[in-house]
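K.L.:
Take this structure, written in structure tokens, and hold onto it; I'll ask about it next.
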Amino acid sequence: MSKLSVAQLDSPYQLHLLPKQTDTLALKPSKKLHPDSIIAYAESFMGDRYRRGGTGAKGFDCSGFTMMVYRKYGIKLPHTSAGQSFIGVEIPRKQISKGDLLFFRGRNSRRRGIGHVGIVISEKGEPVQFIHSSTSSGVRIDRLEADYYKKRFMKATRVLPLNNY
């Protein structure tokens, strides 16, 4: 699949197929979708344990958590943080807002690829906080400016159309 720039898309929030994963696509979200609904649902899992490959009752890995949360609202994401990074539109750090996805290098900071994902829970302009499933303590909230995450931050994407809220 060739890469498209935002200018080439019909809408800056058009979602597209992932390369080499033609069975994985993001579906059009409900017109009544609001980031607060997504955040409230995500927060209902606070404290649930981390489980490698997990997507539910027995625990979550980071991408399993985001996949499960967004699926409830009609948005299908792949079960890898790297795969999820292809969905939606990359946004500048200053534009990060509720419901956006944040992507990080994994625990091994020397690896260059994406290895972790979380969901933004803070308003645009506020210090960025996100909810995610951490290997050390399960579903929790952290700050992007914490040294550990600040050093590993790679990009943010928006999978929710702004005109929905």
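Quick note: the coordinates plus some simple rules give every number you see, no bench work behind them. Just so it is clear, the model here is predicted, and its values are computed rather than measured. Cβ coordinates were reconstructed from backbone atoms using ideal geometry, including for glycine residues, and neighbour counts include every protein chain displayed.
K.L.:
Using 0.36 nm per residue, how much length does the chain from R93 to A57 gain when fully extended, once their Cα-Cα distance is taken away?
P.N.:
Details: separation 36, 0.36 × 36 = 12.96 nm, distance 3.29 nm.
That works out to 9.7 nm of additional length.
K.L.:
Ranking request for peptides 70-77, 95-102, 123-130: highest mean number of other beta-carbon atoms within 10 Å first, then the rest in descending order. Can you show the working numbers first?
P.N.:
Numbers: 70-77: 18.2, 95-102: 21.8, 123-130: 15.1.
So the peptides 70-77, 95-102, 123-130, ranked by packing, come out 95-102, 70-77, 123-130.
K.L.:
So, R0 is 22 Å and r is the distance between the beta-carbons of E145 and M46; what FRET efficiency does that work out to, to 0.05? Provide the component values of the computation, followed by the final result.
P.N.:
Numbers: r = 21 Å, r/R0 = 0.93.
E between E145 and M46, to the nearest 0.05, is 0.60.
K.L.:
Then there is this: Obtain the nm distance between the two label points defined at F153 and K72 by a simple spin-label model: each point lies 7 Å from its Cα along the Cα-to-C-beta direction.
P.N.:
My value for the distance between the label points is 2.6 nm.
K.L.:
Tell me the relative contact order for the stretch 34-164 as a rounded percent, counting alpha carbon contacts under 8 Å between residues six or more apart. The partial results should precede the final answer.
P.N.:
On the way: 278 pairs, mean separation 36.6, N = 131.
Result for the stretch 34-164 is 28 percent.
K.L.:
Another question, then. Give the long-range amide H neighbours of M154: residues separated by 5 or more places, or on another chain, with amide H under 5 Å away, using H modelled in the peptide plane at 1.01 Å from N.
P.N.:
When sequence neighbours closer than 5 places are left aside, the close amide H contacts are F103, F104, R105.
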